[in-house]
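Structure first, commentary second.
The values are calculated or read from the model by the stated rules, or taken from the named source; none is laboratory data. Worth saying up front: this structure is predicted, and the values here are computed from it rather than measured. Here Cβ is always computed from backbone atoms with ideal geometry, including for glycine, and neighbour counts include all displayed protein chains.
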Amino acid sequence: MGKSLNVFFHDKHVGTLAEMPDKRIAFQYSKDWLSNGFSISPLSLPLRDEVFVPPQKSLDIFHGLYGVFSDSLPDSWGELLLNRYLASKGIDVSTLSILDRLAYVGASGMGALEYRPAEKSDFDPNKNNLDFDALSMECSAILSSKDSDQLHLLYELAGPSGGARPKLLLNENGTDYIVKFPANTDPSISGKREYDYSICAKKCGINMTKTSLIPSKICKGYFKTERFDRQKGSKIHSLTMAGLLETDFRHPTCDYSTYMKAIDIITKGNKEDKEQMFKIMCFNVMTHNLDDHTKNFSFIYTEKKGWRLAPGYDLTYSTTYYGEQTTSVNGKGKNITDSDMISVGTNTGLPKTFCEKTIQDIKKETASLKGYLSLQNDAKKRHVSWQERVKEIEENGIKENYNDFKTKDEVSAKYTATQNATLNKKISKSDPNLSGT
Ligand SMILES: Nc1ncnc2c1ncn2[C@@H]1O[C@H](COP(=O)(O)OP(=O)(O)O)[C@@H](O)[C@H]1O
Ligand SMILES: [Mg+2]
């Protein structure tokens, strides 16, 4: 693989990436793109004829890339699959440069950017009749560092998906979807919980793509959502907040006021987007979505509408090890009050009456998620882990419906006991703990 790679959008040459001696990756727009294109990352890569060199910190946070290109790379799940897949083909992954990895992304990345010359990729979202339960358990096996004879299928289906949780990217009758599986540490209700959160978020007036729940025999279902970076078969350019601001999503670096400023700058102060961000902030604070990091927000660009805030996603119960919102509200990560939220809103020009009413409306709507919050708050107050709390509930038999909160591994074990012999054999080969015997 050479030390440069070309970037394309809808078959138009956007520009060229080139590796510098210190491993940072410089970028230059093509002449054509400078005349007819748009800035793919307005704060870092304005449409100018120059060689852009990312800051030194890019080596720590984006493998030496500008954030917009790093957005095309898979996050931990996709990276794990790619590494396992390449290793199974005898390729030494430690020798791969970041441009090699983008070449494996090729035309399959999230968003619309494509990389050429591409390495051969087996990504194929057009699959039918999938057994989601079996795939979910294969994901568990891979997450537990076990072998999986479905590695190739999972790799074909995951593509360079983002986020930490196992995912599939599917195309069904021309529409593109993401399906999420629980991580091994997630409770078995996590798919249903994210679905219920999405329904509630929509009732709160938050724009989200169509969401649904895929039935399962081993858990309460798998969360499925339509992709906003694909519309009627066309690829939409998207940029995460982390990519736009060139910031490390793993650390708390931003306040919701920062996001309001970002909206001001790149959407030219779009009021609807600020209202959306305000609603998402209130929702996250009220529903214990602490993991509101900079990769959980995106912008999309279309010729017709310019830059706009993308629909909300990953709006679900989450924790952080420091127990605070990753994105602060009026400078605070916890004990956030209504007046903190109102300050974020009014400081960006939203009317106080809008902020107050939105808070009241979202409080009312999110009461429907109380069931999810009370159990976990109870556990949190007493400083016991999720898993311990689940055990406690089972031992004391406090409430029938708390059975919903069993861990995924526990439920899987029960399921496998009743599964057909072939599946059982496959699973026990990859993970004896899941065999249910
Ligand atoms: N509906 C969607 N359309 C397009 N991209 C999405 C959508 N939902 C999530 N994504 C992208 O996929 C990534 C992972 O999804 P997310 O729901 O955040 O998963 P995780 O729980 O693993 O963090 C996100 O960071 C975002 O870039
Ligand atoms: Mg996420």
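Worth a mention:
- Close pairs from the range 352-367: first without any contact (Cβ under 8 Å) to a residue 40 or more places away in the chain, partner of a type in the set (A, V, I, L, M, F, W, C), Cβ under 9 Å, at least 6 apart: K352/I342; E356/I342
- Search result, residues across the range 282-301 that are away from ligand 2 (no atom under 16 Å from the Cβ) and either out of contact with any His (no Cβ under 7 Å at 6 or more places or on another chain) or of a type in the set (V, I, T) (or both): C282, V285, M286, I300
- N128 vs. criteria more than 16 Å from ligand 2 (Cβ to nearest atom) and touching a helix residue (DSSP H, G or I) at 6+ places or on another chain (Cβ under 6 Å): no
- Single match in L99, L86 (criterion: more than 22 Å from D229 (Cα to Cα) and either under 21 Å from the mean Cα position of the chain (by Cα) or at pLDDT 90 or above (or both)): L99
- Counting only helices (runs of 4 or more DSSP H) that fall entirely inside the range 75-180 and contain at least 1 residues that are closer than 23 Å to I218 by Cα, of a type outside the set (A, V, I, L, M, F, W, C) and touching a residue at least 12 places away in the same chain (Cβ under 8 Å), the qualifying elements are 132-143, 151-158.
- Among residues of the range 211-229, those that are within 16 Å of the chain's Cα centre (by Cα) and not polar (S, T, N, Q), counted: 7
- Checked against (1) modelled with pLDDT under 95; (2) surrounded by 12 or more Cβ atoms within 10 Å (Cβ to Cβ); (3) part of a helix (DSSP H, G or I); (4) not polar (S, T, N, Q), K370 meets all criteria but (2).
- Every residue from the range 49-71 that is within 18 Å of L239 (Cα to Cα) and within 22 Å of the chain's Cα centre (by Cα): S58, I61, F62, H63, G64, L65, Y66, G67, V68, F69, S70, D71
- For the range 279-290, a residue qualifies if it is assigned to a helix (DSSP H, G or I) and under 20 Å from the mean Cα position of the chain (by Cα), and the qualifying residues are K279, I280, M281, C282, F283, N284, V285.
- Which numbered condition P42 misses (of (1) under 21 Å from G106 (Cβ atoms); (2) touching a residue at least 60 places away in the same chain (Cβ under 8 Å); (3) of a type outside the set (K, R)): (1)
- T247 vs. criteria in a loop (DSSP other than H, G, I, E, B), under 18 Å from R308 (Cβ atoms), in contact (Cβ under 8 Å) with a residue 12 or more places away in the chain and within 15 Å of ligand 1 (Cβ to nearest atom): no
- Residue match in the range 291-305 (condition: closer than 20 Å to T358 by Cβ, not in a loop (DSSP other than H, G, I, E, B) and not acidic (D, E)): no
- Condition check for I236: within 12 Å of ligand 1 (Cβ to nearest atom), among the hydrophobic types (A, V, I, L, M, F, W, C), farther than 27 Å from G323 by Cα and modelled with pLDDT of 95 or more: yes
- Which listed residue, of I178, I206, is within 13 Å of ligand 1 (Cβ to nearest atom), modelled with pLDDT of 95 or more, under 15 Å from the mean Cα position of the chain (by Cα) and aliphatic (A, V, I, L, M): I178
- Considering residues of the range 293-307 that are under 18 Å from the mean Cα position of the chain (by Cα) and of a type outside the set (G, A, S) only, the residue farthest from T267 (Cα to Cα): H293
- Residues that are among the acidic types (D, E) and within 16 Å of ligand 1 (Cβ to nearest atom) were ranked within the range 292-350; the one that is nearest to I61 (Cα to Cα) is D292.
- Being in contact with a strand residue (DSSP E or B) (Cβ under 7 Å, 6 or more places away or on another chain), among the charged types (D, E, K, R) and surrounded by fewer than 20 Cβ atoms within 10 Å (Cβ to Cβ) holds for only one residue in K192, K217, and it is K192.
- Residues in the range 302-329 that are among the β-branched types (V, I, T) and either in the same structural domain as S212 (by TED's automatic domain parsing) or more than 16 Å from ligand 2 (Cβ to nearest atom) (or both): T302, V329.
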